[in-house]
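Heads up: the structure comes next, in structure tokens.
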Amino acid sequence: MTDHAWKERDWAAFDVTVADHVAEVTLTGPGKGNAMGPDFWRELPELFGHIDADPAVRAVVLTGSGKHFSFGLDLVAMGGTLSAVVAGDAKAAPRTEFLDSLRKLQAAITAVADCRKPTVAAVSGWCIGGAVDLICAADVRYASAEAKFSVREVKVGMVADVGTLARLPFIIGDGHVRELALTGKDIDAARAEKIGLVNDVADDQAAVLEMARETAREIADNPPLVVHGVKAVLDHSRSAAVHDSLRYVAAWNSAFLPSEDLTEAITAVFEKRRPEFKGR
């Protein structure tokens, strides 16, 4: 695909525009609340690969369509990925298949983190689960005043496994990471700014998008090779730790994800009720 063609491609999970050396990537679903389904996970690494390779792009704005940034993993659409290990008697083959699938999901988020073109996230509405994984891979994060964040995997019987637990400790303090990951609680934009999850808070969705665009323009105005160098140096000291954490959590979930509590959590989500966990 030529440098020009990727910008005009009809992406299934994104809208993409490029102007004045800034690519604007908007999550579009198709799941409710821009939930992350198969199209998202397939297209994300390809899209950011094109962005990384295109000299016409020097910075990226990442945002969501509609009221919300993203509800996170689309449990309905991605059920096939989980089904291989949900059964408590899953043997080596299905667990290995799940491990391979999980590493592909991790690689999709890592494509954003490893992109040489800095990414500025503009978050409005909900940013849940996998969406937090995604913004942790961005270089700069802004939120609108009504934005809410949740590292919610613990609520659905999972250890967050595609980037949050690897990258969030480099963004906010250890105590805050543990509070969010162990409780699965929701926090608002004011709390997110206080703990350093976001750099700044704007009044509303339009204002936060303009804030992100302005920062991306400032980055794009700088010498591109120097910007690449700044990112490379900043990422160097943490890259090995992030990689090690991702490999460890992938192995952990492949071994321990199957449980009665996971089945109960997923069932409760679909039945819109409170789950009853029994530690089995």
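Structural remarks
- Residue 191 falls short of the stated requirement of being at pLDDT 95 or above, of a type outside the set (A, V, I, L, M, F, W, C) and surrounded by 17 or more Cβ atoms within 10 Å (Cβ to Cβ).
- The residues in region 41-58 that are among the acidic types (Asp, Glu), closer than 13 Å to residue 23 by Cβ and touching a Phe, Trp or Tyr at 6+ places or on another chain (Cβ under 6 Å) can be counted, and the count is 0.
- Scoring residue 168 on the criteria (1) touching a Phe, Trp or Tyr at 6+ places or on another chain (Cβ under 8 Å); (2) open to solvent by less than 30 Å² (accessible area, probe 1.4 Å) leaves a single failure, condition (1).
- In region 17-62, the residues that are crowded, with 23+ Cβ neighbours inside 10 Å, under 15 Å from the mean Cα position of the chain (by Cα) and of a type outside the set (A, V, I, L, M, F, W, C): 34
- Checked against the criteria, residue 163 counts as open to solvent by less than 10 Å² (accessible area, probe 1.4 Å) and either under 14 Å from the mean Cα position of the chain (by Cα) or of a type in the set (Gly, Ala, Ser) (or both).
- Residue 128 vs. criteria at pLDDT 95 or above and open to solvent by 10 Å² or more (accessible area, probe 1.4 Å): yes
- Taken together, 110, 119 contain a single residue that is of a type in the set (Ser, Thr, Tyr) and open to solvent by 20 Å² or more (accessible area, probe 1.4 Å), which is 110.
- Pick from region 5-16, criterion open to solvent by 40 Å² or more (accessible area, probe 1.4 Å) and closer than 19 Å to residue 120 by Cβ, ranking: modelled with the highest pLDDT: 15
- Identity of the residue in region 265-280, in contact with a helix residue (DSSP H, G or I) (Cβ under 9 Å, 6 or more places away or on another chain), of a type outside the set (A, V, I, L, M, F, W, C) and modelled with pLDDT of 85 or more, that ends up most open to solvent (accessible area, probe 1.4 Å): 274
- One residue from 266, 219 being more than 24 Å from residue 164 (Cα to Cα) and touching a residue at least 12 places away in the same chain (Cβ under 8 Å): 219
- Test for residue 140: is it farther than 24 Å from residue 272 by Cβ and either buried (at least 20 other Cβ atoms within 10 Å of the Cβ) or touching a helix residue (DSSP H, G or I) at 6+ places or on another chain (Cβ under 7 Å) (or both): yes
- Test for residue 63: is it within 25 Å of residue 215 (Cα to Cα), among the hydroxyl-bearing types (Ser, Thr, Tyr) and free of Cβ contacts under 8 Å to residues at least 40 places away in the same chain: no
- Screening 241, 181 for residues that are in contact with a helix residue (DSSP H, G or I) (Cβ under 8 Å, 6 or more places away or on another chain), over 21 Å from residue 27 (Cβ atoms), crowded, with 18+ Cβ neighbours inside 10 Å and among the small types (Gly, Ala, Ser) leaves exactly one candidate, 181.
- Residue 143 vs. criteria in contact (Cβ under 8 Å) with a residue 24 or more places away in the chain and assigned to a strand (DSSP E or B): yes
- Residue satisfying condition, being on the phi > 0 side of the Ramachandran plot and either without any contact (Cβ under 8 Å) to a residue 60 or more places away in the chain or among the polar types (S, T, N, Q) (or both), within set 175, 163, 157, 129: 129
- Some residue of region 204-220 being within 30 Å of residue 158 (Cβ to Cβ) and aliphatic (A, V, I, L, M): yes
- Helices (runs of 4 or more DSSP H) lying entirely in region 156-274 (those with 3 or more residues that are aliphatic (A, V, I, L, M)): 174-183, 189-195, 205-220, 224-256, 260-271
The values are calculated or read from the model by the stated rules, or taken from the named source; none is laboratory data. Keep in mind it's a predicted model, so treat the numbers as computed, not measured. Because the Cβ atoms are built from the backbone with ideal geometry, glycine has one as well, and the counts that use them run over all protein chains shown. Remember, those area values only see protein heavy atoms, side chains included, never the ligands or the DNA or RNA. Shrake-Rupley method; radii C 1.70, N 1.55, O 1.52, S 1.80 Å.
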